Structure formats: structure tokens, C-alpha cells
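What follows is a short report on a single structure.
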Amino acid sequence: MYTPDQLNDQLIDLAFSEDIGDGDHTTLCCIPEDATGQSRLLIKETGILAGVRVAKEIFRRFDPTMQVETLLDDGARVRPGDVAMVVSGKIRSLLQTERLMLNVMQRMSGIATMTAVYADRLKGTKTRVLDTRKTTPGMRMLEKEAVKIGGGVNHRIGLFDMILLKDNHVDFCGGIAQALDRCAAYQKEKGLQLKVEIEVRNFEEIKQVLAHGGADRIMLDNFNVADTRKAVDMIDGRFEIESSGGITLETIRDYAECGVDFVSVGALTHSVKGLDMSFKAV
């Protein structure tokens, strides 16, 4: 299994490969090899800045001689006209790294901005907003980093760092008890101690989990607000509780006030608009 840094390095290398190919012929034909200059990252929209750390790694990986002056850090609240960084070095390098850096920073800043909006709706409650696995293939580590920058919590990175028994797992196993039994046996056999979450669709399934145990968190799938409140009372603090399914910015506060610990929102990553910014020559 690759580390997050190794995955990010692979993503950067692949992105340069698909963008530059056998050479940036536009830049190579008109910019002398030894020409140097500066570009600045100009913010053009209000939001939360994210991706500064990754941008610096992009510049370093492409051309270690590039110098980055960071004026704003990840998590900063930005407005149009703010300058996030100034980068100095070979003009060829500035031009060839521009698009990848902007693609990453715009995407990450859009996710951080969206997450902050949801997190702000939860202020004063104990509930935290969670991301999901509905991420851009190859960019999951960066997108989940952006969620954290925006004030959210990572649910799980992938299929390897937590056990989440969803409705299909339960149905294929033959029921709640059977799924939890197989989970416990598997963890014992493999010497694992992964956190276990199980999805429930109705009050009867909640009762089965309460009777069986063997989980750390219960996910209430597509429960309405009234049923969520009843479910929280039934569980009575014995398990962590996550609400999931169709929850919007307009309804997330209602679910939080039911007393759930987490609300998962796929929209944090799967349909986010990038934050507008540009990389302009000084």
C-alpha cells in the first residue's frame, strides 16, 4: 500500500505527463531557456484557501530551483484581490507548472470552501460533517485534505482503514447479526482492530444492532428528521451515530439538533465548483 505522499507524487508525475507530453512546444518556441521571472497567485473569489502545501510540492518536483514566497496559508479566508503566493524562477518552469497548480488549488479550495459552509451550519452542536468516497479518481488524498482544511472530518480514506457494513453487505450475508459475526471473525483471523460501522434502514435493524453489539458506529440511512430523533433516543449513547443520505445544507442543522455525532455529505467532494484564481506574470 502506498503512503499519502507517494500517492501525491504519482499524481503529480501523471498530471505532468498528460499535460506536457514530449514538450510544451508553445513555451519552448518563444521563451529563452535562461529567462527568469515572477508570477503571483491572484484570488478572484471569496472562499477558503487550500492546496498551498501541494502547490509548493508541484513547483519543487518540477524544478527545485523555483522559489515560493507564501503570503497566505491553507485555511485562510480569502477575498478577490488577495495574493496567495509569489513564485520566482525560470519562466519556462512558471508556465509549465501553472495549469497543474491551478487545477489542484482551485479544486481543493472549492472543497474547503464548501466544507466550511456546512461546518458553519453545525456551530453550537456536537455534530461534525464527514466526507465520503465520492471523490475524483486519483485525487482522493488531496480532496480529503481539503475537507479537513475546511473544518470537516475524514470518514475513511478507502476500503482498507475502516469496516463499513452497508445494506448490500448485510443483505448478501443474510442479515445484521450474520454480517457482524463474519466481521468479528475476519478481524480476529487477520489480527485487525479496525473500527466497525454498520448501516441500518429502519428501527428493526437498529434493535438488531443493539441486541448484538459488535459495532462502533451506526449509520442511519435515509432517515427523516423525526425518525432520526427517535433513533438517537433508542441508541442512547451506546454507539456513535452518523446520519447519511439526501442531507442538504438546508436540512443539516435539523439532523444535528437530533443529537447525531456525524453527518456525511457526498456533495463536499463530488460536485464542487472550483474557487476562481489565476497565476499572472508580475
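The values are calculated or read from the model by the stated rules, or taken from the named source; none is laboratory data. This is a predicted model, so every value here is computed, not measured. No Cβ is skipped: glycine too gets one built from the backbone with ideal geometry, and neighbour counts run over all protein chains shown. We work out accessible area using only protein heavy atoms, side chains counted, and drop any ligands, DNA or RNA first. Shrake-Rupley method; radii C 1.70, N 1.55, O 1.52, S 1.80 Å.
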Inset, instruction - Taking only the range 174-200 into account, find how many residues are surrounded by 15 or more Cβ atoms within 10 Å (Cβ to Cβ) and assigned to a loop (DSSP other than H, G, I, E, B). - result: 1
Legend entry - Selection within the range 27-69 - in a loop (DSSP other than H, G, I, E, B), touching a Ser or Thr at 6+ places or on another chain (Cβ under 9 Å) and of a type in the set (Val, Ile, Thr): Thr46, Thr65
Legend entry - Residue in the range 15-47 that is modelled with the highest pLDDT, counting only those that are of a type in the set (Asp, Glu) and in contact with a Leu (Cβ under 8 Å, 6 or more places away or on another chain): Glu45
Inset, instruction - Go through the range 110-130 and give me each residue that's in a loop (DSSP other than H, G, I, E, B), open to solvent by 60 Å² or more (accessible area, probe 1.4 Å) and either touching a residue at least 40 places away in the same chain (Cβ under 8 Å) or in contact with a helix residue (DSSP H, G or I) (Cβ under 7 Å, 6 or more places away or on another chain) (or both). - result: Lys126
Inset, instruction - Pick out the one residue from Arg140, Arg133 that is of a type in the set (D, E, K, R), open to solvent by 60 Å² or more (accessible area, probe 1.4 Å) and in contact with a His (Cβ under 9 Å, 6 or more places away or on another chain). - result: Arg133
Inset, instruction - Report, by residue number, each residue of the range 194-217 that is under 26 Å from the mean Cα position of the chain (by Cα) and closer than 17 Å to Asp181 by Cβ. - result: Leu194, Val196, Glu197, Ile198, Glu199, Val200, Ala215, Asp216
Legend entry - Filter result (open to solvent by 10 Å² or more (accessible area, probe 1.4 Å) and either among the hydroxyl-bearing types (Ser, Thr, Tyr) or not in a loop (DSSP other than H, G, I, E, B) (or both)) within the range 265-276: Ala267, His270, Ser271
Inset, instruction - Residues being farther than 28 Å from Met114 by Cβ, charged (D, E, K, R) and in a helix (DSSP H, G or I): count how many of those fall in the range 201-255. - result: 5
